[in-house]
Amino acid sequence: MTSSPPQHSPDGHILVVDDDPTVAEVVARYLLRAGYSVERAADGRTALERVARTRPDLLVLDLMLPEIDGLEVCRRLRADPAGRGVPVVMLTAKGDEHDRILGLELGADDYVTKPFSPRELVLRIQSVLRRSAAPTPPPSPELLRAGDLVLDPGARRAHRAGRELALTLREFDLLAFLLQHPGTAFGREELMHRVWGWDFGDMSTVTVHVRRLREKVEDDPAAPCLITTVWGVGYRFDPVSDANAENEAASA
């Protein structure tokens, strides 16, 4: 006899993946109080099976798991069309920045370090669910240009020197925003809010996406000329000036 899949709550269905039964129980209890339906898994392999079967609205994913660790679970989710759009909040005892950045690079939406406040975790989950459900504003039909960099917001495609760039959804939105505001410096918190509509989240997300964009649009990502760091503020997009473009054309 096969069991029927869990019924999703109108507020959302959340899969809590943690091999510590005490932590999983506390997280599940707070989420149930907040109006969510909750399912639990104690290892990475079971988590992937549950995602394929029930398609939760969000994963609370511990990093240190038996069978398959949390980073690999996140990597497989983002490589699978069925799990690519499922938001992930990583939960781990590791406070090392490298693990946090790696989790964000693999596609985690937020990151909470143990020990944590269950109420704060619920707030973060609510924030991730709100922004993942927010409608995307209609793109501008006009092409955005800066030197040999061209973005087509309508088609969601970007090219540099005639070569198409493989940008993620967030990278594209960030680059489009910067192209629309050349020469203006923005802080990380402002970018999170104005680009993605996030009022709550890990500032490292912006740092990660800026670094990945630089790897794709800069001639030398270690010495960026387009997306520059404004110390004490954040980042600024500096397009190639007309004078530089004329000099490059004349020397060609």
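In the range 110-150, how many residues are at pLDDT 80 or above, under 28 Å from R214 (Cβ atoms) and loosely packed, with under 15 Cβ neighbours inside 10 Å? Before the answer, list the steps.
Step one: list which residues in the range 110-150 are at pLDDT 80 or above, which gives 110-130, 142-150.
After this cut, where a residue has to be under 28 Å from R214 (Cβ atoms) as well, the list is 110-113, 124, 127-128, 142-150.
Still in the running and loosely packed, with under 15 Cβ neighbours inside 10 Å: 142-143, 145, 148.
Counting residues in the range 110-150 that are at pLDDT 80 or above, under 28 Å from R214 (Cβ atoms) and loosely packed, with under 15 Cβ neighbours inside 10 Å gives 4.
Kindly indicate whether R160 is at pLDDT below 90 and not assigned by TED's automatic domain parsing to the domain that holds E105.
no
Return a yes/no flag: does the range 116-130 have any residue that is part of a loop (DSSP other than H, G, I, E, B) and at negative phi.
The initial filter retains those residues of the range 116-130 that are part of a loop (DSSP other than H, G, I, E, B), namely 116-117.
When the remaining residues are screened for being at negative phi, the result is 116-117.
Within the range 116-130, one or more residues are part of a loop (DSSP other than H, G, I, E, B) and at negative phi.
Can you tell me which condition D238 does not meet? The list is (1) of a type in the set (D, E); (2) out of contact with any strand residue (DSSP E or B) (no Cβ under 6 Å at 6 or more places or on another chain); (3) at pLDDT 90 or above, and all the others hold.
Among (1) of a type in the set (D, E); (2) out of contact with any strand residue (DSSP E or B) (no Cβ under 6 Å at 6 or more places or on another chain); (3) at pLDDT 90 or above, D238 violates only (2).
Looking at the range 39-49, is at least one residue without any contact (Cβ under 8 Å) to a residue 60 or more places away in the chain, farther than 21 Å from L102 by Cβ and of a type in the set (G, A, S)?
Within the range 39-49, one or more residues are without any contact (Cβ under 8 Å) to a residue 60 or more places away in the chain, farther than 21 Å from L102 by Cβ and of a type in the set (G, A, S).
Out of all the residues in the range 56-95, which are surrounded by 23 or more Cβ atoms within 10 Å (Cβ to Cβ) and acidic (D, E)?
Result: D62, single match.
The values are calculated or read from the model by the stated rules, or taken from the named source; none is laboratory data. Please read all numbers here as calculations on a predicted model, not as lab measurements. For neighbour counting, all protein chains shown are included, and Cβ atoms are generated from backbone atoms with ideal geometry for every residue, glycine included.
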